[in-house]
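One structure is given here, and the rest of the page talks about it.
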Amino acid sequence: MNEDSKYALKYHEETKHSELSIRSSAHYLDWDNKPNAFKFYSKIPSMALPVDFPTPDQNVVTMIEKDQVTRSVNTNKDLDIRLLSSLLFFSSGITRQIKFPHGKYLMRAAPATGALYPIEVYVLSTEINGLRAGIYHFCPGQFTLTNLRKGDYRLLLAEAAGDSDQIKNSPFTIILTSIAWRNAWKYQARSYRHWFWDSGVIAANLIAIAKSFGLDSKLILGYIDKVVNDMLCLDEGKEASVVLVPIGIGCSQEPPKKIEYPSRFVPDIVPLSKNKGIEYPEIWEIHNASTLNSSEEIRKWIRSVPLIEFPEPMKAGIIESKQIDPISMNSQSLSDVILLRGSTRKFSRQPIAFEKLSNILYSLTKHIDSDFADKKSMIDIYFIANEVSNLQSGAYFFNRRDNSINLLNSNVNRNTSGYLCLEQPLFSDASVVFYMMANLKLILETLGNRGYRLCQFESGIIAGRIYLSAYSQGIGASGSTFYDDAVTQFLSPHARDKDTMIAVGIGISDYKSKPGKILAGKFSREDLLS
């Protein structure tokens, strides 16, 4: 079914935004049935994680741009539960508590569409200091782990991921999943896209944090879905895995024997909403159509990634080109930037320096260590520059092959970027708005429906890197949805064969926000359910 890419194309087409779709929608937010942002097991006890964990204090820009890890951890003996706690906190932990008339929001280390936080985090671990081997669910609210299965399941997980040596030789693998109803409550069927945006920004944090601690990591999208979902005790048709992230590659010995395939069971959880959530069959149609079901399918899918041949970027229609000009700077530490980050809600319309924009763009040239885009990116980056010092306002393509920006259209005003982002004034006020785009038809022809997950996920990682790089330079950022076809039309003919995956605006914030705090272990289950 994965090879029949009509499912991904159909889903993408049917969930596009347009003026008509937005204005004719009868959807409304049922606040009384808003899903809780935390998953709790009814009958399985949890264990508190230590809150005296180390902080990733390396330079954030270095951690984004660094290709090779300087390993400072060599064996399981060097790893402990405190280091794992730091990885979990700075990728998904609670950093702010904000009160609104309709309730309080507990904001996290990585952004999420609508602050709905559909992504859940699981840990599959061998025995490390302070933690027994097993499969665990992480609750960022309570800052706890819940043990779902006992034993070392690394060989079984590695087998499900095409006999992955990285999983075998890592002390633990972090697995991200998505609960469909959490995001569909607001964004309906289109919310499947957000599974990958929201997990992508978490992954961007996770990779940088691992590097800061001298740990190699890898992002794995090619695996047998059912095996992984069953291992994590997920409720089929409600929650599903998105990505596997082995961390500490080479720091652990391969387990001596494989545990038997676990029996399937789904533990009772506290209901997310007062009433049953609305089902959106489109979500599960595309998800099921993009599953991989055998080792041979995985190997074939991974072998197919390097076979994609992208055409040279179009030269016709380019008005002028300019090289980016990144500069070295004394950036803040990764931990400080993550605590500072919070999606900007009002930009000041002040210009940002071309050198700072160049730094952001340069950070996006660095490869992603993964089974899907190790040396070749699936995503093209376009942007509208509204207010950048020493750069003409206009629409641009960033050519990552030669680090140049190509002016495509100089007839642009601030209303253009705001209109394309669903007519939101925030994105008219932004200094720059990025549009991550993909040649979907070309990619899906080779990678099948699974390629759709890949494109959305890589775009989420790029968005996460934009956030980190921007905030490290005193620039704010905020993600957005968009009028799909209008973006393509505006950036054509250069982008005529491409579809937009995600948009991100950056600029100088119009207010001074306080940095977040490490709020690990500050909330009880009762607090989080009230």
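Couple of notes before you dig in:
- Those helices (runs of 4 or more DSSP H) lying entirely in the stretch 114-227 with at least 1 residues farther than 30 Å from D32 by Cβ, small (G, A, S) and modelled with pLDDT of 95 or more: 154-160, 191-212
- When E260, E309, E296, E254 are checked against the criterion of being more than 28 Å from I379 (Cα to Cα) and without any contact (Cβ under 8 Å) to a residue 60 or more places away in the chain, a single residue qualifies: E260.
- Enumeration of residues in the stretch 97-143 that are crowded, with 19+ Cβ neighbours inside 10 Å, over 18 Å from the mean Cα position of the chain (by Cα), closer than 18 Å to S524 by Cα and not hydrophobic (A, V, I, L, M, F, W, C): H137, G141, Q142
So that you can scan it fast, the table gives a plain yes or no per residue for (1) touching an Asp or Glu at 6+ places or on another chain (Cβ under 8 Å); (2) aliphatic (A, V, I, L, M):
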{"residue": "P306", "(1), (2)": "no, no"}
{"residue": "P311", "(1), (2)": "no, no"}
{"residue": "G317", "(1), (2)": "no, no"}
{"residue": "I324", "(1), (2)": "no, yes"}
{"residue": "I327", "(1), (2)": "yes, yes"}
{"residue": "I338", "(1), (2)": "no, yes"}
{"residue": "R341", "(1), (2)": "no, no"}
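Okay, residues lined up against (1) modelled with pLDDT under 95; (2) outside any loop (DSSP other than H, G, I, E, B); (3) out of contact with any strand residue (DSSP E or B) (no Cβ under 8 Å at 6 or more places or on another chain):
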| residue | (1), (2), (3) |
| --- | --- |
| F482 | no, no, no |
| H494 | no, no, no |
| I502 | no, yes, no |
| I506 | no, yes, no |
| E526 | yes, yes, yes |
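- Yes/no for K186 being surrounded by fewer than 22 Cβ atoms within 10 Å (Cβ to Cβ) and within 22 Å of G460 (Cβ to Cβ): yes
- Cβ-Cβ under 9 Å pairs, at least 6 apart or on other chains, the stretch 516-530 side within 25 Å of S335 (Cβ to Cβ), far side among the charged types (D, E, K, R) and part of a loop (DSSP other than H, G, I, E, B): G516/R341
- Residue match in the stretch 302-317 (condition: out of contact with any strand residue (DSSP E or B) (no Cβ under 9 Å at 6 or more places or on another chain), over 25 Å from D4 (Cβ atoms), among the acidic types (D, E) and surrounded by 15 or more Cβ atoms within 10 Å (Cβ to Cβ)): no
- Listed by first and then second residue, the pairs linking a residue in the stretch 488-512 that is free of Cβ contacts under 8 Å to residues at least 60 places away in the same chain to a residue that is among the aliphatic types (A, V, I, L, M) and buried (at least 18 other Cβ atoms within 10 Å of the Cβ), with Cβ atoms under 7 Å apart and 6 or more places separating them unless they lie on different chains, are T488/A495.
- N386 being over 30 Å from R453 (Cα atoms) and either at pLDDT below 95 or touching a Cys at 6+ places or on another chain (Cβ under 7 Å) (or both): no
- Looking only at the stretch 189-218, residues that are over 13 Å from I461 (Cβ atoms) and β-branched (V, I, T) come to 1 in all.
- The stretch 38-58 residues that are surrounded by fewer than 15 Cβ atoms within 10 Å (Cβ to Cβ) and part of a loop (DSSP other than H, G, I, E, B), paired with ones that are at pLDDT 95 or above and among the acidic types (D, E) (beta carbon under 8 Å, 6 or more apart): S42/D268; K43/D268
- No other residue among F490, F482, F427, F457 is more than 23 Å from the chain's Cα centre (by Cα) and buried (at least 20 other Cβ atoms within 10 Å of the Cβ) apart from F490.
- Within the stretch 254-283, the set of residues being assigned to a loop (DSSP other than H, G, I, E, B) and either at positive phi or surrounded by fewer than 12 Cβ atoms within 10 Å (Cβ to Cβ) (or both) comprises P256, K257, E260, S263, F265, D268, K274, N275, K276.
Listed here are the residues, each with its yes/no results for (1) under 29 Å from L468 (Cα atoms); (2) hydrophobic (A, V, I, L, M, F, W, C).
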| site | (1), (2) |
| --- | --- |
| K6 | no, no |
| S21 | no, no |
| A26 | no, yes |
| W31 | no, yes |
| K34 | no, no |
| F38 | yes, yes |
| D52 | yes, no |
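- Scanning the stretch 341-350 for residues that are part of a loop (DSSP other than H, G, I, E, B) and touching a strand residue (DSSP E or B) at 6+ places or on another chain (Cβ under 6 Å) turns up at least one hit.
- Flag for S509 being surrounded by 24 or more Cβ atoms within 10 Å (Cβ to Cβ), of a type in the set (S, T, Y), farther than 25 Å from A189 by Cβ and touching a Gly at 6+ places or on another chain (Cβ under 8 Å): no
- Residues that are crowded, with 20+ Cβ neighbours inside 10 Å and either free of Cβ contacts under 8 Å to residues at least 40 places away in the same chain or touching a Lys or Arg at 6+ places or on another chain (Cβ under 9 Å) (or both), drawn from the stretch 408-422: G418
- Cross-chain or 6+ apart pairs with Cβ under 8 Å, the stretch 445-473 first and within 26 Å of G507 (Cα to Cα), then of a type in the set (D, E) and in a helix (DSSP H, G or I): G460/D198
- Residue, nearest to the chain's Cα centre (by Cα), within the stretch 230-289, restricted to residues that are polar (S, T, N, Q) and under 18 Å from G151 (Cα atoms): S252
- Residue in the stretch 299-312 that is of a type in the set (G, A, S) and either modelled with pLDDT of 95 or more or assigned to a loop (DSSP other than H, G, I, E, B) (or both) present: no
The values are calculated or read from the model by the stated rules, or taken from the named source; none is laboratory data. A quick note: this is a predicted structure, and the numbers were derived from the prediction, not measured. Glycine also receives a Cβ, built like all others from the backbone with ideal geometry; neighbour counts cover every protein chain displayed.
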